[in-house]
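The values are calculated or read from the model by the stated rules, or taken from the named source; none is laboratory data. Quick caveat, the model's predicted, so the values are computed rather than measured. For neighbour counting, all protein chains shown are included, and Cβ atoms are generated from backbone atoms with ideal geometry for every residue, glycine included.
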Amino acid sequence: MLQQLIASNSISSVNPALDKGNREVIEILASWLNDLGFNTEIMPLADPRKANLIATLGSGPGGLVLAGHTDTVPCDEKQWNNNPFKLIEKDQRLYGLGTCDMKGFFPLAIEAAKPFLDQPLKQPLIFLATADEESSMMGAQALADAGKPKARYALIGEPTGMKPISMHKGIMVEKLVIEGHSGHSSDPSLGINAMETMHKVLGELLTLRNELRDQHHNPLFTVDYPTMNLGCIHGGNNPNRICGQCELGFEIRPLPGMNMAALQKTISDRILPLEQQDQVSISINHYHVPAYAAAPDSTMVELCESLTNHTCGSVSFATEAPYLHQLGMDVIVLGPGNVAQAHQPDEYLALDRIRPTIDFLTQLIGRCCL
């Protein structure tokens, strides 16, 4: 099963030249689950190349969702030792794009479900496969907007080294564009240099970064403060032209409890006054995923801690957990891969993770659905 999933290129990216669809992966999963007796629903998204899958075994008001995303990040094939779209077994590892993050979760979850196919479930078992987690969260947002699926518990199989995660930071991705006016560099009065305004913007952002670091802390995180990363910058096109446009991409990873709307307003309040000062135009486009923290009395926390013998922890990366929580689910993030192997050349899933993952999921399904 994993070999087929890896062979299907389902890269999602904010770069349209790299962005692919996940529809083939969704249809493969739907076919397998339909053959096993699941009721399968493919949810098309606005982009016809992309879809979500909801596959349900049994019925009832509660139940367990086993969830994951079917897209991967882009890859530079030249940096891989093998074809990233061909599953390779070597050195007790399975190599391929998505083995760890996170196509590898689906075959293991399907194996774990097989012993329950002929049993009368008291609560439904639901497989959920989504699109575009790595780029826009379009799939998870579509589910939240549609108000489905409904279940009591959910496990997202992101790479956590088989340790339960009950809390993660959010992510705010910001695209800031400054429009000045180009002109001949021999006379500064002939234009308005967008790069000079960007210099002021960077100063404001670095000041804000230090303020966030000093004012907000959560000791449950390894990096216990909100981070800001200045990720990419582009501007101008020649040394002898006044820079007419400059663009910055940056991200902030806020802690649970921080108000994202207030933080975005703070950014705007710091940056937009530069429009009038420098006679430029500034636009700021926002995209965000909320932080997540399970409830203090979470049943899934207690259950997953008991089954894994690990205390729930936290991670700095974002997941689809807030969207499933919005649907009323008690959500834990737990999967067989390790985030250290994700988003890198020669991504892999260690073979010794396979049996423990299947055994854990089998126990979890039994506890939640029987």
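Quick one: would you say residue 221 is of a type in the set (Phe, Trp, Tyr), under 30 Å from residue 306 (Cα atoms) and assigned by TED's automatic domain parsing to the domain that holds residue 283?
When the stated conditions are applied, residue 221 passes them.
Within segment 299-324, how many residues are buried (at least 21 other Cβ atoms within 10 Å of the Cβ), in contact with a helix residue (DSSP H, G or I) (Cβ under 6 Å, 6 or more places away or on another chain) and not charged (D, E, K, R)?
Looking only at that region, the number is 2.
Looking for something within 17 Å of the chain's Cα centre (by Cα), closer than 26 Å to residue 19 by Cβ, modelled with pLDDT of 95 or more and charged (D, E, K, R) - is there at least one such residue anywhere in segment 140-157?
no
Can you name the strands (runs of 3 or more DSSP E) wholly within segment 251-370 that have at least 3 residues being in contact (Cβ under 8 Å) with a residue 12 or more places away in the chain, on the phi < 0 side of the Ramachandran plot and assigned by TED's automatic domain parsing to the domain that holds residue 215?
Here the list reads 281-289.
Out of segment 85-97, which residues are out of contact with any helix residue (DSSP H, G or I) (no Cβ under 6 Å at 6 or more places or on another chain), surrounded by 12 or more Cβ atoms within 10 Å (Cβ to Cβ) and of a type outside the set (Phe, Trp, Tyr)?
86, 88, 89, 93, 94, 97
One line per residue, one yes/no per condition, for (1) within 16 Å of residue 30 (Cβ to Cβ); (2) over 19 Å from the mean Cα position of the chain (by Cα); (3) modelled with pLDDT under 95; (4) buried (at least 20 other Cβ atoms within 10 Å of the Cβ):
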residue: 111; (1), (2), (3), (4): no, yes, no, no
residue: 115; (1), (2), (3), (4): no, yes, no, no
residue: 118; (1), (2), (3), (4): no, yes, yes, no
residue: 127; (1), (2), (3), (4): yes, no, no, yes
residue: 131; (1), (2), (3), (4): yes, no, no, yes
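Does residue 185 satisfy the condition of being surrounded by fewer than 17 Cβ atoms within 10 Å (Cβ to Cβ) and hydroxyl-bearing (Ser, Thr, Tyr)?
Answer is yes for this residue.
State all residues of segment 30-55 that are closer than 13 Å to residue 71 by Cβ and either in contact (Cβ under 8 Å) with a residue 60 or more places away in the chain or out of contact with any helix residue (DSSP H, G or I) (no Cβ under 7 Å at 6 or more places or on another chain) (or both); if no residue qualifies, say none.
Residues satisfying the conditions are 45, 47, 50, 51, 52, 53.
Restricting to segment 145-182, name every residue that is surrounded by fewer than 22 Cβ atoms within 10 Å (Cβ to Cβ) and hydroxyl-bearing (Ser, Thr, Tyr).
Answer for segment 145-182, where residues must be surrounded by fewer than 22 Cβ atoms within 10 Å (Cβ to Cβ) and hydroxyl-bearing (Ser, Thr, Tyr): just 182.
Looking only at segment 193-223, filter to residues that are free of Cβ contacts under 8 Å to residues at least 12 places away in the same chain and charged (D, E, K, R); which one of those is surrounded by the most Cβ atoms within 10 Å (Cβ to Cβ)?
That would be 211.
If the requirement is being on the phi > 0 side of the Ramachandran plot and touching a residue at least 40 places away in the same chain (Cβ under 8 Å), which of these qualifies: 104, 60, 139?
60
Cβ-Cβ distance below 7 Å, separation of 6 or more or different chains: which pairs start in segment 74-85 with a residue that is at positive phi and end on one that is surrounded by fewer than 18 Cβ atoms within 10 Å (Cβ to Cβ)?
Going by the 7 Å Cβ cut-off, there are no qualifying pairs.
Those residues that are over 20 Å from residue 203 (Cα atoms) and out of contact with any helix residue (DSSP H, G or I) (no Cβ under 8 Å at 6 or more places or on another chain), I need them from segment 263-294; list them, please.
Hits for segment 263-294 are 287, 293.
Kindly indicate whether residue 190 is touching a residue at least 24 places away in the same chain (Cβ under 8 Å) and crowded, with 20+ Cβ neighbours inside 10 Å.
no
It is to be established whether one or more residues within segment 119-140 are over 30 Å from residue 325 (Cβ atoms) and not β-branched (Val, Ile, Thr).
No, there is no match, as no residue in segment 119-140 is over 30 Å from residue 325 (Cβ atoms) and not β-branched (Val, Ile, Thr).
When residues of segment 9-35 are filtered for being more than 15 Å from residue 128 (Cα to Cα) and among the hydrophobic types (A, V, I, L, M, F, W, C), how many remain?
4
Just checking, which of 341, 326 is within 24 Å of residue 93 (Cβ to Cβ) and of a type in the set (S, T, N, Q)?
341
Residue check: is residue 232 loosely packed, with under 12 Cβ neighbours inside 10 Å, in a strand (DSSP E or B) and not charged (D, E, K, R)?
yes
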